[in-house]
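This structure is in structure tokens; I'll ask about it shortly.
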Amino acid sequence: MPFDITRVRAAYPALSEGFVHFDGAGGTQTAGSVADAVAGAMRAAAGNRSTAFTPGRRSLEQVAAARSAVADLVGGDPAGVVLGPSATALLYTLARTVGAGWHPGDEVVLSRLDHDANVRPWVQAAEAAGATVRWAEFDRATGELPTGQYADLVTDRTRLVAVTAGSNAIGTVPDVSAIAKTAHAVGALVVVDGVHAVPHAPTDLATLGADVLVTSAYKWSGPHLAAMVADPARWAELRPAKLIPSSDAVPERFEYGTPSFPLLAGVTAAVDHLAGLDPEATGDRRARLRAGLAAAQAHEEALLDRLLAGLAERPAITVYGSPARRWPTVSFRVAGMSPAQTQAALGEAGFCLTAGDYYAYEYFTAMGLRDTGGAVRASIYHYNTADEVDRLLAELDRLADRA
Ligand SMILES: Cc1ncc(COP(=O)(O)O)c(C=O)c1O
């Protein structure tokens with residue numbers, strides 16, 4: 001059935017303020033059911049985790065429910081879902097832990113298409129161990145990440161391959177499963193940054209070939225929390241630095257301090273919200289997530305095509321990259337204006353877009369664009385409309401005329 005955009009938008013109270021949000025890649029609006037779940041948890045009697053009394057049991061249940069929800073979202077095992085404050089914090093924990101086992105001569109393969117969160121923690125861990133970093137380069141014209149180069153980059157010294165499932169700068173969808181096959185042939189660990197990809201399509205850990213997949217809930221209608229997901233047996237092999245009295249069980253041993261129980265209730269509500277995007281979907285939550293996110297993906301792809309076609313018709317606009325497969329994310333510049341000026345002018349007119357390098361540090365450095373302000377990013381989420389795309393294009397025409 002067609003994607004019922006009116007119904008979908010009604011689920012986001014914040015949209016009633018009237019801003020046009022093309023900034024989902026920087027953080028989406030929160031579904032109303034998420035806000036209700038967080039507020040509900042905060043209004044209810046609460047306690048730290050304990051089996052001894054009801055509020056303490058509630059907290060235990062909130063943690064368990066969030067693990068199950070994230071596991072359904074990405075096709076993981078709830079016992080392998082590590083929860084944390086942000087993807088960056090989780091990747092640092094992982095890099096410090098994994099890197100402690102590296103030695104001089106070991107190699108790690110990183111990509112210049114990744115957000116810095118899946119780059120710098122590995123670079124620093126490699127430096128600390130005396131290991132060597134090898135770089136996968138993207139094609140400067142298309143923005144694609146050629147898979148073939150991994151056959152040369154990956155050697156029998158490779159301990160880790162870190163790669164994104166989607167460029168947060170230009171939307172490229174790398175062939176992660178092919179890269180993972182090359183990495184697994186030499187026994188390397190494959191860490192996939194799913195932060196940009198998971199909001200836009202059904203995700204399956206096994207299909208991707210990810211040993212570890214990271215995702216952030218605030219990119220898919222939820223609160224500012226994140227998760228990294230792996231087979232619990234994989235976590236059992238790793239020993240992060242931890243406090244003496246804290247749990248040494250998997251996955252708790254990777255989680256520092258007392259979690260935000262109300263926000264975890266919000267994570268579960270966000271996954272339930274995504275599972276309801278196709279109201280006719282049936283089956284268990286994972287099946288409904290697949291249907292809901294496939295419907296959202298088709299809607300987003302139609303908007304992306306409309307946006308790209310509109311931008312291509314405008315000589316004043318330069319779009320960066322033209323990958324064959326891309327998430328609905330486009331970086332561009334308007335002639336005669338800096339990205340920050342474009343962002344500010346759009347902001348005045350009620351359009352919310354990101355400008356700068358969005359922490360895609362290696363991409364913008366390699367493109368020679370970082371020192372001159374990066375680019376402006378229009379990122380589409382399932383609550384966007386064709387009318388909003390047309391209004392953005394019309395606003396860009398006004399700006400280009402003034403520039
Ligand atoms: C692709 C990608 N990876 C990682 C991150 C970092 O996520 P977090 O803010 O949860 O640390 C972002 C944030 O924008 C991102 O887009």
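Need the failing condition index for residue 221 against (1) surrounded by fewer than 21 Cβ atoms within 10 Å (Cβ to Cβ); (2) more than 11 Å from the ligand (Cβ to nearest atom); (3) assigned to a loop (DSSP other than H, G, I, E, B), just the number.
Of the numbered conditions (1) surrounded by fewer than 21 Cβ atoms within 10 Å (Cβ to Cβ); (2) more than 11 Å from the ligand (Cβ to nearest atom); (3) assigned to a loop (DSSP other than H, G, I, E, B), the odd one out for residue 221 is (1).
Looking at (1) touching a helix residue (DSSP H, G or I) at 6+ places or on another chain (Cβ under 8 Å); (2) within 16 Å of the ligand (Cβ to nearest atom); (3) open to solvent by 10 Å² or more (accessible area, probe 1.4 Å), which is the only condition residue 173 fails?
Only one criterion is unmet by residue 173, namely (1).
Filter the range 44-87 for residues that are part of a helix (DSSP H, G or I) and farther than 19 Å from residue 270 by Cα; which is nearest to the ligand (Cβ to nearest atom)?
Narrowing the range 44-87 to residues part of a helix (DSSP H, G or I): 54-74, 78-80, 87.
Okay, now just the ones that are also farther than 19 Å from residue 270 by Cα, so 54-57, 79-80.
On the way: 54: 32, 55: 29, 56: 28, 57: 29, 79: 22, 80: 19 Å.
Across the range 44-87, the extreme among qualifying residues is 80.
Can you tell me which residue within the range 112-142, out of those that are hydrophobic (A, V, I, L, M, F, W, C) and not in a helix (DSSP H, G or I), is farthest from residue 361 (Cα to Cα)? Talk me through it step by step, then tell me what you get.
Within the range 112-142, the subset hydrophobic (A, V, I, L, M, F, W, C) is 113, 117, 119, 122-123, 125-126, 128-129, 131, 133, 135-136, 138, 141.
Next, from what is left, pick out any that are not in a helix (DSSP H, G or I): 113, 119, 131, 133, 135-136, 138, 141.
Working: 113: 9, 119: 9, 131: 22, 133: 16, 135: 14, 136: 14, 138: 13, 141: 17 Å.
Only one residue fits best here, namely 131.
For the range 144-166, state whether one or more residues are part of a strand (DSSP E or B) and more than 24 Å from residue 74 (Cβ to Cβ).
Initially, the range 144-166 is screened for residues part of a strand (DSSP E or B), giving 158-164.
From the residues that got through so far, the ones that are more than 24 Å from residue 74 (Cβ to Cβ) too are 158.
There is at least one residue in the range 144-166 that is part of a strand (DSSP E or B) and more than 24 Å from residue 74 (Cβ to Cβ).
Here's the yes/no breakdown for (1) more than 16 Å from the ligand (Cβ to nearest atom); (2) open to solvent by 10 Å² or more (accessible area, probe 1.4 Å); (3) on the phi < 0 side of the Ramachandran plot:
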| residue | (1), (2), (3) |
| --- | --- |
| 118 | no, no, yes |
| 123 | no, yes, yes |
| 129 | yes, yes, yes |
| 155 | yes, yes, yes |
| 181 | yes, yes, yes |
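Restricting the search to the range 1-25, which residues are open to solvent by 40 Å² or more (accessible area, probe 1.4 Å) and either over 21 Å from residue 279 (Cα atoms) or within 16 Å of the ligand (Cβ to nearest atom) (or both)?
16, 17, 18, 19
I would also like to ask the following. How many residues does the range 321-342 hold that are out of contact with any Gly (no Cβ under 8 Å at 6 or more places or on another chain) and either of a type in the set (A, V, I, L, M, F, W, C) or in contact (Cβ under 8 Å) with a residue 24 or more places away in the chain (or both)?
As a first pass, look at the range 321-342 and keep what is out of contact with any Gly (no Cβ under 8 Å at 6 or more places or on another chain): 324-325, 332-337, 341-342.
Narrowing further to those that are either of a type in the set (A, V, I, L, M, F, W, C) or in contact (Cβ under 8 Å) with a residue 24 or more places away in the chain (or both): 324-325, 332-337, 342.
Matching residues across the range 321-342 total 9.
Take the range 176-200 and flag every residue that is out of contact with any His (no Cβ under 8 Å at 6 or more places or on another chain) and of a type in the set (D, E, K, R).
181
Let me ask something else about it. For the range 67-83, give me each residue that is open to solvent by less than 10 Å² (accessible area, probe 1.4 Å) and of a type outside the set (Val, Ile, Thr).
Applying the first criterion (open to solvent by less than 10 Å² (accessible area, probe 1.4 Å)) to the range 67-83 yields 69-71, 73-74, 80-82.
Answer for the range 67-83, where residues must be open to solvent by less than 10 Å² (accessible area, probe 1.4 Å) and of a type outside the set (Val, Ile, Thr): 69, 71, 73, 80.
Within the range 131-148, which residues are within 19 Å of residue 189 (Cβ to Cβ) and surrounded by 24 or more Cβ atoms within 10 Å (Cβ to Cβ)?
Here is the first cut: in the range 131-148, the ones within 19 Å of residue 189 (Cβ to Cβ) are 131-136, 145, 147.
Of everything in the range 131-148, just one residue is within 19 Å of residue 189 (Cβ to Cβ) and surrounded by 24 or more Cβ atoms within 10 Å (Cβ to Cβ), namely 145.
Does residue 98 qualify as being among the hydrophobic types (A, V, I, L, M, F, W, C), away from the ligand (no atom under 16 Å from the Cβ) and crowded, with 24+ Cβ neighbours inside 10 Å?
Details: among the hydrophobic types (A, V, I, L, M, F, W, C): yes; away from the ligand (no atom under 16 Å from the Cβ): yes; crowded, with 24+ Cβ neighbours inside 10 Å: no.
No; evaluated as a whole, the condition is false for this residue.
Consider residue 238 against the criteria (1) part of a loop (DSSP other than H, G, I, E, B); (2) within 28 Å of residue 153 (Cα to Cα); (3) within 14 Å of the ligand (Cβ to nearest atom): it satisfies all of them except one. Which criterion is unmet?
(3)
The values are calculated or read from the model by the stated rules, or taken from the named source; none is laboratory data. The shown structure was predicted, so the numbers you read here are calculated from the model rather than taken from an experiment. For neighbour counting, all protein chains shown are included, and Cβ atoms are generated from backbone atoms with ideal geometry for every residue, glycine included. Each accessible area value is taken on the protein alone, full model and side chains, heavy atoms only, with ligands, DNA and RNA left out. Shrake-Rupley method; radii C 1.70, N 1.55, O 1.52, S 1.80 Å.
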